[in-house]
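**Student:** My questions will all concern the structure given below.
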Amino acid sequence: MEIELKENEKIEDLQCGGLRIIQNKKWFCFGMDAVLLTNYCDIKNNSKIADLGTGTGIIPILLSGKRNYSKAYAIEIQEEVADMAERSVALNDLQGKIKILNIDLNDALNYLEPNSFDAVISNPPYKLNNSGIINPLGQKAISRHEIKCTLEDVISTAAALLKQQGRFYMVHRPDRLADIICLLRKYCLEPKHMRFVHPRSAARPNMILIRASKSGNSELKFDPPLYIYDGEGNYTEDVYKIYGKKI
């Protein structure tokens, strides 16, 4: 299918089943965190899923090549970014599988049925609105800082959408872990699995992958740490496996 590209846009090959995505080099492009989160999602067959803050639609598009889910509803508040995600969905002929919703996450329950989703996924803004330097480009700022939604907004919406025992998947920063656990339990999402991601073996973790279960039992397991680079600065074997490549 021929898709219109706008200024500064390009089509990138996701190297997964022929999937492609439209990126804008001047906006916030997806990174490794989205790829790692997608790989961490052990979505069951025929699941109905929601992606909160989908950006360019990377997670539901990439996940369509890895898991056999039935339908994905992807929420994105920024009109220009949602438009780009919708065109990427069409580029991959996934209109029957992925629905892009250009709405505020806090209005999700006006469009989606509560307690009906098998899984909810989110790669939310990591930084508090009053922390760090705010990027002057609005799209990048909204993607990185809690300007349009907070961590609590994401977690409370996920809890409202999920069925009992439904799964919530998220990638975030380790320095927000105390806040994350408190908010998960506040909304009856029990953290079940976590995996710390380190740039290399001697470095502190800079990401954390989390799976929680709605009204799940209290038992938290830690998966083996994931190291991105080896001692020579090359991707580790684990990372190559995630990207579907051989060393």
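Any read-out appearing in this document is the output of simple, stated calculations on the displayed coordinates, not a laboratory observation. Note that the structure is predicted; figures quoted are calculated from it, not measured. Cβ atoms come from the backbone with ideal geometry, glycine included; neighbour counts cover every protein chain shown.
**Student:** Amide H neighbours of H193 under 5 Å, counting only residues 5+ apart in sequence or on other chains, H built in-plane at 1.01 Å?
**Tutor:** R211, K221
**Student:** In debye, nearest 20, what is the charge dipole magnitude of the stretch 143-234 about its Cα centre with +1 on Lys and Arg Cβ and -1 on Asp and Glu Cβ, if you could check?
**Tutor:** Values: 15 positive and 10 negative charges, 48 e Å.
Dipole of the stretch 143-234, to the nearest 20 debye: 220 debye.
**Student:** Which of I181, P224, L151 sits closest to the plus end of the dipole of the chain, meaning its Cα is farthest towards the positive end, when Lys and Arg get +1 and Asp and Glu get -1 on the C-beta?
**Tutor:** The residue sitting farthest along the positive end of the dipole is P224.
**Student:** So if I take the alpha carbon set of the chain, get Rg, then get Rh from the Kirkwood formula, what is the Rg over Rh ratio?
**Tutor:** Working: Rg = 17.3 Å, Rh = 18.4 Å.
Using Cα coordinates only, the ratio equals 0.94.
**Student:** List nothing, just return the count: lysine pairs in the stretch 1-45, 8 or more apart or interchain, with Cα separation under 14 Å. All intermediate terms of the calculation are to be shown ahead of the outcome.
**Tutor:** On the way: K6/K25; K6/K26; K10/K25; K10/K26.
Pairs that pass both the separation and distance tests number 4.
**Student:** Something else: Report the one residue of P114, V89, I103 whose Cα lies farthest in the direction of the positive end of the charge dipole of the stretch 85-125 (charges on C-beta: Lys and Arg +1, Asp and Glu -1; origin at the Cα centre).
**Tutor:** The residue sitting farthest along the positive end of the dipole is V89.
**Student:** Cα to Cα, under 12 Å, and not fewer than 8 places away if on the same chain: which aspartates and glutamates meet these conditions relative to K66?
**Tutor:** Excluding near neighbours in sequence, the set is D42.
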